[in-house]
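Student: My structure is below; once you've seen it, I'll send some questions.
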């Protein structure tokens, strides 16, 4: 299918997933609270969307210790960046086609 | 039609999130105006009260008094900008201590601390004439470095501070006027532009 919509990615339909990917495109990594501050969502909601993106291989999870406290941060994989850019381009095409 | 308005909304959200998560936008323009005024007031104090009493430049009392004035200007400027930026962040429901502000601070501090150490070395070596040029150049480099993480205007302010510093090095017996221009007038103009553009 070569029409305009073909590049639109179902994975990025949710606003929260869109937000997570946007943050990770301009930041090397971001932790859970960072997403919460920027996107203003509930913990459970955010966690499930992060999990979904991770399972699709679009983001990766980095666990480390800061002092004694465990800290989980997320970063975009190359595949995630590629797919998100494709998605952005399709959004733009869709608008420009009007 | 519906999917097109949706796409436009999506893109708008994406752009906003990218900007907010990579730039510290709570920096207050007003604090630039205040910092500039402190710098001019400091220069005025030095020019009216300190310099006339000590015609000879290699005087340790004179040097001590000038350092106190410069430090007061620095501390007042930092305090005002922290207070005003904190207030602006609070109004927008944001925190002043975030990954972005930490990155901004780190990138600002590396050239700034180097400049501070360099100035102290100059003081010990008695190279008084290069202090104002050095301060301006290192401060400009710090702003250029930090400009990526806040308003683009900070980058251009940095370039102008560097140029002012280089000219100050060329005419190093006129340090006080380059101080007034670089730390005073440029800050006020910058603060005014940022305030008009983002805060009113």
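Student: To the nearest 10 degrees, how steeply does helix B:131-146 sit against the main Cα axis of chain B, on a 0 to 90 scale?
Tutor: Its long axis makes an angle of about 10 degrees.
Student: Here's a follow-up. Report the calculated FRET efficiency for residue A:52 and residue B:148 (r = Cβ-Cβ distance, R0 = 51 Å), to the nearest 0.05.
Tutor: FRET efficiency, residue A:52 to residue B:148: 0.95.
Student: Starting from the 7 Å offset along Cα-to-Cβ, what nm value, one decimal, do you get for the label separation of residue B:159 and residue B:19?
Tutor: Here the answer is 2.1 nm between the modelled labels.
Student: Another question, then. For chain B, what does -39500 (n - 2.57) per DSSP helix run (n ≥ 4), summed and divided by total residues, give at 222 nm, in deg cm²/dmol to the nearest 500?
Tutor: Calculated at 222 nm, the ellipticity per residue is -25500 deg cm²/dmol.
Student: Separation between the residue A:81 and residue B:171 pseudo-spin-labels, each 7 Å from Cα along Cα→Cβ, expressed in nm?
Tutor: 4.8 nm
Student: Residues of A:8-17, mean number of Cβ from any other protein chain within 10 Å of their own Cβ, rounded to a whole number?
Tutor: 1
Student: In degrees, nearest 10, range 0 to 90: what is the angle between the Cα axis of helix B:60-91 and the longest Cα principal axis of chain B?
Tutor: 10 degrees
Student: What is the distance in Å between the Cα centres of segment B:45-118 and segment B:140-165?
Tutor: Spelled out, the Cα-based centre of one part sits 16 Å from the other.
Student: Starting with the fewest neighbours, write out B:179, B:97 ranked by other beta-carbon atoms found within 10 Å of each beta-carbon.
Tutor: The order, fewest Cβ neighbours first, is B:97, B:179.
Student: Evaluate the Debye formula for the protein assembly as shown with equal point scatterers sitting on the alpha carbons, no solvent, and hand back log10 of I(q)/I(0) at q = 0.07, 0.08, 0.15 Å⁻¹, in q order, two decimals.
Tutor: -0.39, -0.49, -1.11
Student: In whole angstrom, and with the biggest value first, how far do the Cα coordinates of chain A range along each principal axis?
Tutor: Cα spread of chain A along its principal axes, largest to smallest: 53, 25, 21 Å.
Student: Continuing with the same structure: Divide, for segment B:28-199, the radius of gyration over alpha carbons by 2.2 N^0.38 Å, where N is the residue count.
Tutor: Normalised Rg, Cα atoms only: 1.05.
Student: Order of B:66-74, B:28-36 by packing, highest average Cβ count within 10 Å first?
Tutor: For the peptides B:66-74, B:28-36, the packing ranking is B:28-36, B:66-74.
Student: What is the average number of partner chain Cβ atoms found within 10 Å of a Cβ in A:19-25?
Tutor: Partner-chain Cβ atoms within 10 Å, mean over residues of A:19-25: 5.
Student: Moving to a separate point now. Summarise the partner chain shielding of A:82-90 as one whole number: the mean count of Cβ atoms from other chains within 10 Å of each residue's Cβ.
Tutor: Mean number of neighbouring Cβ atoms from other chains: 1.
Student: Full-extension gain between residue B:64 and residue B:185, please, as 0.36 nm times their residue separation minus the C-alpha to C-alpha distance.
Tutor: 41.1 nm
Student: So what's the angle, to the nearest 10 degrees on a 0 to 90 scale, between helix A:43-55 and the longest Cα principal axis of chain A?
Tutor: 70 degrees
Student: Take each of the peptides B:146-152, B:47-53, B:107-113, average the number of other beta-carbon atoms within 10 Å over its residues, and list them starting from the highest.
Tutor: B:146-152, B:107-113, B:47-53
None of the figures in this text is laboratory data; all of them are computed from the coordinates on show. Computed from a predicted structure; not experimentally measured. Methodologically, a virtual Cβ is constructed for each residue, glycine included, from the backbone with ideal geometry; neighbour enumeration extends over all protein chains shown.
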